[in-house]
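Data first, discussion second: the structure below is written as structure tokens.
The values are calculated or read from the model by the stated rules, or taken from the named source; none is laboratory data. Remember, it's a predicted structure, so these values are computed and weren't measured experimentally. When we count neighbours, we look across all protein chains shown, and the Cβ atoms used for this are built from the backbone with ideal geometry, even at glycine. Ligands, DNA and RNA are excluded from the accessible area calculation, which covers all protein heavy atoms including side chains. Shrake-Rupley method; radii C 1.70, N 1.55, O 1.52, S 1.80 Å.
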Amino acid sequence: MAYVDNTMIIRRDLVANMAELFNEEKLITNLDRVPLEMAPRNREYTDRCCIFKERVIIKEKLIPLLGCELKDDRDELKTLAEYATEAMQREKPIEKILTVVDEACTSCVQNSYIVTNLCKGCVAHPCMMNCPKDAVSWNANGQAQIDPKSCINCGICMNVCPYHSIIFMPVPCENVCPVGAITKNEHGKEQIDEDKCIDCGKCITACPFGSIMENSQIIDVMKSLKSEQETIALVAPALYGQFKYKTENVIGAIKELGFQDVIEVAKGANVTTINEADELLERLEDKAPFMTTSCCPAYVSAVKKHIPIMEQYVSHTKSPMYYAAELAKKQYPNGKFVFIGPCIAKRREGMSDPNVDYVMTFEELSGLFAGWHINIDGNPIELDRSIKNHGRAYAASGGVAQSVLEVKPYVNIKPVIVNGLDKKKINMLKAFAKTGKTSGNFIEVMACEGGCIAGPSSNYDPKTGMKIYLNNLKEFPEDL
């Protein structure tokens, strides 16, 4: 889930700088100056050991933001201007989704339990007495110490300590990955196993050094906007929880960027709801024990890569993005379509959708607004009154089940809400698939805790996003 922190602000500043230079037609000529301007020689403080390392990291982060691959064997003397030239000339985005900026990775120590100076050296010795591997002993100061070679990270010592003097020191990115896709290489740097990765983006928001980046498509989007190509924006329902402005104004600001039209993906969600409800009823009539949703691409990827036994229970209904793009294609047969949302996994889904050309995140949208000096509170656009509100409910966890219940209120649907994926919930889903048993018959799974509102590229934390979302929905009459 996204929380506002300095690494998020830096990413947005980088996008805004890049967007501004693109808009002024100075991207190739001036991009190499951005690291110097963001880490000037006489600045009062530095987040790294020195401004020179900061500059290198800023440069390395700009490469994936340009949509270029950060290869291990890259020429370090290659300029940003050269990367920008490649980005401007490419025909389509690269397929790699996530990358680790080695220079920014601090090589965190392995997950471990550590005794702090709060240890009182108590007579009870519960940590030592209950350790299954005799890894805890007493040092010369009369305090507990843990032998890392013997410790198996069971956590018993931390749980039994009466003074809470033993803490767990995690590797943040590894700790949040629900499928163990990110680990250290032989140099102690993190690396992502693409065969395991489900593109959930949890590692991006977890890393306190901002060392994990997306390979952005924003250059491709800006190229389309500045061309004569008809470019259409498809905005996710989570938009309602991303900006502290009325949604009509935000959609107006998106159109001001140069989009021919801005279409709410909630329109596609209305189609998903009807198809999902019909498919669920059909499966229940065929005596299936349950069905799971399929609109979260990170969950679908998790099933394919890590829970293949669950595939038989996953809905065949397409996602709201798919149906919205399909409807948009009929309206604008020659258009380019840009999905805008909080989700990194949507980049992967977009690559397999023939009607979606590019995917842009809300974080990138904020940077684009800033870089192109768009007044968000400017010209409002009237919302599509044909959209049913249950389509907009997809933004929050439980929204899909809520929508299906609204469409089929007379059917005995028993929802089970899986609010966010982690290691325990992956194992729980495996158990559901193996036994064919659960407490309900309709399992809604969202990779992000809180739902799409709390996606890895959201503008606010889940609580703030939900508050904005609910306030925005209150603005609409019930017949919307």
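Quick notes
- Only a single item in (1) outside the structural domain of G155 (by the TED database); (2) farther than 30 Å from V359 by Cα is not met by S137, and it is number (1).
- Test: E69 is in a loop (DSSP other than H, G, I, E, B), open to solvent by 40 Å² or more (accessible area, probe 1.4 Å) and either of a type in the set (A, V, I, L, M) or touching a strand residue (DSSP E or B) at 6+ places or on another chain (Cβ under 9 Å) (or both): yes
- Residues of the stretch 85-99 classified as open to solvent by 40 Å² or more (accessible area, probe 1.4 Å) and not in a loop (DSSP other than H, G, I, E, B), total: 4
- Residue check, D199 surrounded by 12 or more Cβ atoms within 10 Å (Cβ to Cβ), in contact with a Lys or Arg (Cβ under 8 Å, 6 or more places away or on another chain) and either at pLDDT 95 or above or under 17 Å from H306 (Cα atoms) (or both): yes
- Filter result for V109 (farther than 23 Å from P170 by Cβ, open to solvent by 50 Å² or more (accessible area, probe 1.4 Å) and not small (G, A, S)): no
- The set of residues in the stretch 73-84 being open to solvent by 70 Å² or more (accessible area, probe 1.4 Å) and in a loop (DSSP other than H, G, I, E, B) consists of D73, D75, E76, L77.
- Criterion (at pLDDT 95 or above, more than 22 Å from E214 (Cβ to Cβ) and part of a helix (DSSP H, G or I)) met by exactly one of A298, A328: A328
- Condition met for P409 (surrounded by 18 or more Cβ atoms within 10 Å (Cβ to Cβ), part of a loop (DSSP other than H, G, I, E, B) and assigned by the TED database to the domain that holds Y299): no
- Selection status of E230, open to solvent by 40 Å² or more (accessible area, probe 1.4 Å), farther than 29 Å from E444 by Cα and in contact with a strand residue (DSSP E or B) (Cβ under 8 Å, 6 or more places away or on another chain): yes
- Scanning the stretch 386-405 for residues that are in a helix (DSSP H, G or I), of a type outside the set (S, T, N, Q) and either buried (at least 24 other Cβ atoms within 10 Å of the Cβ) or modelled with pLDDT of 90 or more (or both) yields a count of 10.
- Criterion: part of a helix (DSSP H, G or I), out of contact with any Leu (no Cβ under 7 Å at 6 or more places or on another chain) and either open to solvent by 10 Å² or more (accessible area, probe 1.4 Å) or closer than 20 Å to V314 by Cα (or both) - qualifying residue of I443, I453, I426, I417: I426
- Among the candidates M213, M222, the residue that is open to solvent by less than 40 Å² (accessible area, probe 1.4 Å), in contact (Cβ under 8 Å) with a residue 60 or more places away in the chain and assigned to a strand (DSSP E or B) is uniquely M213.
- Enumeration of residues in the stretch 100-119 that are not in a strand (DSSP E or B) and not hydroxyl-bearing (S, T, Y): V101, D102, E103, A104, C105, C108, V109, Q110, N111, N117, L118, C119
- Leading residue by the ranking (nearest to H390 (Cα to Cα)) among those in the stretch 238-293 that are assigned to a loop (DSSP other than H, G, I, E, B) and of a type in the set (D, E, K, R): K246
- Exactly one residue among G436, G398 is farther than 30 Å from V4 by Cβ and of a type in the set (G, A, S), and that residue is G436.
- Any hit, the stretch 174-185, residues being farther than 30 Å from A447 by Cβ and either in a loop (DSSP other than H, G, I, E, B) or open to solvent by less than 40 Å² (accessible area, probe 1.4 Å) (or both): no
- Scanning the stretch 59-74 for residues that are modelled with pLDDT under 95 and touching a helix residue (DSSP H, G or I) at 6+ places or on another chain (Cβ under 9 Å) gives E69, L70, R74.
- Any hit, the stretch 277-287, residues being under 30 Å from S315 (Cα atoms), among the acidic types (D, E), open to solvent by less than 20 Å² (accessible area, probe 1.4 Å) and assigned by the TED database to the domain that holds L470: no
- Taken together, R33, R48, R55, R12 contain a single residue that is touching a Pro at 6+ places or on another chain (Cβ under 6 Å) and either outside any helix (DSSP H, G or I) or assigned by the TED database to the domain that holds E190 (or both), which is R55.
- Whichever residue in the stretch 22-78 is free of Cβ contacts under 8 Å to residues at least 24 places away in the same chain and of a type in the set (S, T, Y) and, among such residues, is farthest from L98 (Cα to Cα): Y45
- The residue that is nearest to D278 (Cα to Cα), counting only those in the stretch 429-440 that are part of a helix (DSSP H, G or I) and open to solvent by 20 Å² or more (accessible area, probe 1.4 Å), is F432.
- Only listed residue being β-branched (V, I, T) and either touching a Gly at 6+ places or on another chain (Cβ under 8 Å) or open to solvent by less than 20 Å² (accessible area, probe 1.4 Å) (or both), chosen from I146, I166: I166
- Filtered residue count, the stretch 360-395, keeping only those that are among the aliphatic types (A, V, I, L, M) and within 18 Å of K267 (Cβ to Cβ): 5
- Selection within the stretch 326-338 - open to solvent by 10 Å² or more (accessible area, probe 1.4 Å) and of a type outside the set (S, T, N, Q): E326, L327, K329, K330, Y332, P333, K336
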